[in-house]
Amino acid sequence: MAYTSSLHLPKHLLLPSTRRNARSSSSSFVPAAAARVNGHADGKAPPNGKPQINGGGVNGKGKAVNGQAKKGVNGHVNGHADRIHLSVSTGGGGGAQDGSGLRVAFQGAPGAYSEFAAKTALPGCETVPCRAFADALAAVDRGAADRAILPVESTMEGTALRNYDLLLRHDLVVAQEINLFVHYCLLAMPGVRAAQVRRVISHPMALAHCGRALARLGVDREPVEDTAGAVEMLRSNRMLDTAAIASPRAADLYGLDVLAHGLQDESWNVTRFLLLSRPPSPVTLPVDADAKTSMVVAHRGGSMMVVLKVLSAFSSRNINLTKLEVINNDGAAASDGSGARPPVMILDTSARGAPTLRAFPHVLYVDCEGAAHDPRVREAIQEIEKFAVFVRVLGCYAADTTVYDLQ
């Protein structure tokens, strides 16, 4: 059996979130000709020609996110002012670092969301496309890239456990995080009209995120490796009866027409990415910095008791958690009929000699506020090490709750 659990704390982007607001239950895609984003249009052009997200202004100029008429930098998400406060930026926020001279490996073709996230997090960086996520990590391992970027959480899909598993198998550290607003568009060859489209291609997750909109269009769906790869295929084969789901930036990059904006079923669609590097960490943070520390805690059994002890180690020191996820892969058959899940493999970088892969059936992913060298955080980790079988700090990095917009 495998299950996850996440804490719900204010003023943080906590993923996955199982709560969905009733306002977001209907598909919000609109034709490109309507000049609207996510269905929240008033028939007027955006102020200063800048696009808006769900009817709200960018960077707090004008209205808040999802049409909530609140002013200020932090928008209200689906009306839950007491749950999440996020600023929406078009780039260049406080979390961005100078990427000049850095090579960042990402999964997909040029124009993929991961590439845009990398360029937003590290302006000026050189991006290195890779066929698979594992290839991106391997590129950093062998020195072909300085960073790798992985999507790890989504407000619509929850945690991408496979990517966390990949991270645990490599001797890499988390150096940075970035949250990207994922805006899906329907793209087609120049001159093709929506009525001519019989098939839509994209990454399986993108197709799933746009399920209701695609059902309304009455088109066939065909999964491909990634969103940008779908656009590349569309363009290179000049497919006139096919459209692709990808970003508005990909449309510009490949010279395609946008048939519809905001194709996603849920208007608030944010993905969290982690940027990884070889140790030691390239990030130096003061003890009092607005930082976050990620770690993995492995144990053999007694999951609930271990969870309570982990919570106690942090709460007794007044340390907030921004993520707590429990994974139980104890060999039992999964409820979805997919068979028994194998144990989680973690590279033990502290082992004598060469690092060794170790198997654990029970794992906790933990993100906490504070730098790893903060005395309180260090003491909490030392307390956890007394009862856990294995603890590995995955990285310490600047906390960035800004949500960046591709538009």
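The values are calculated or read from the model by the stated rules, or taken from the named source; none is laboratory data. Just so it is clear, the structure is predicted and the values come from calculations on it, not from any experiment. Methodologically, a virtual Cβ is constructed for each residue, glycine included, from the backbone with ideal geometry; neighbour enumeration extends over all protein chains shown. The accessibility values were calculated without ligands, DNA or RNA, using every heavy atom of the protein model including side chains. Shrake-Rupley method; radii C 1.70, N 1.55, O 1.52, S 1.80 Å.
Given 0.36 nm per residue, what is the gain on full extension from ASP220 to THR356 after removing their alpha carbon distance, in nm?
Extra length available between ASP220 and THR356 comes to 44.4 nm.
Considering the convex hull of the alpha carbon atoms of the stretch 174-232, report its projected area averaged over all viewing directions, in nm², one decimal.
Spelled out: convex hull of the Cα atoms, projected over all directions, averaged, 5.3 nm².
Tally up the carbon and sulfur contribution to the accessible surface of the stretch 255-356 as a whole percent, 1.4 Å probe, everything protein left in place.
Using a 1.4 Å probe with all protein chains present, the stretch 255-356 comes out at 54 percent carbon and sulfur.
Straight-line reach from LYS119: which aspartates and glutamates fall under 13 Å, measuring Cα to Cα and dropping same-chain residues less than 8 apart?
Of all the aspartates and glutamates, those that pass the test against LYS119 - Cα under 13 Å, at least 8 places apart if same chain - are ASP98, GLU177, ASP405.
Quickly work out the SER312-to-THR349 label distance, labels modelled 7 Å from Cα along the C-beta direction, and quote it in nm with one decimal.
3.0
Which ³J(HN,Hα) values, rounded to whole Hz and listed in residue order, are derived for the stretch 345-350 from phi using the Karplus coefficients 6.51, -1.76 and 1.60 in 6.51 cos²θ - 1.76 cosθ + 1.60 with θ = phi - 60°, glycine and proline given as x?
9, 10, 7, 8, 7, 8
Starting from the 7 Å offset along Cα-to-Cβ, what nm value, one decimal, do you get for the label separation of ALA132 and ARG199?
My value for the distance between the label points is 2.5 nm.
Sticking with the crude label model, points 7 Å out along Cα→Cβ, report the distance from GLU157 to MET305 in nm, one decimal please.
3.7
ARG169 to ASP288: FRET efficiency via 1/(1 + (r/R0)^6), r the Cβ-Cβ distance, R0 25 Å, to the nearest 0.05?
0.15
What are the ³J(HN,Hα) values, in whole Hz, obtained from phi via the Karplus relation 6.51 cos²θ - 1.76 cosθ + 1.60 with θ = phi - 60°, for each residue of the stretch 317-325 in sequence order, with x given for Gly and Pro?
10, 6, 9, 7, 9, 9, 7, 8, 10
Go through the stretch 188-225 and name the trypsin sites (Lys or Arg not before Pro) that are in a DSSP coil and have 14 or fewer other Cβ atoms within 10 Å of their Cβ. Mind showing how you got there, number by number?
On the way: sites: ARG193, ARG198, ARG199, ARG212, ARG216, ARG221; in loops: ARG193, ARG198.
Within the stretch 188-225, the qualifying trypsin sites (Lys or Arg not before Pro) (loop, at most 14 other Cβ atoms within 10 Å) are ARG193, ARG198.
Between ALA109 and residues 5 or more places away or on another chain, which pairs have amide H atoms under 5 Å apart, with H built 1.01 Å from N, and which residues are they?
Answer set, sorted by chain and number: ALA228, GLY229.
Wrap a convex hull around the Cα atoms of the stretch 234-380, take a quarter of its surface area, and give that in square nanometres.
About 15.2 nm², averaged over all directions.
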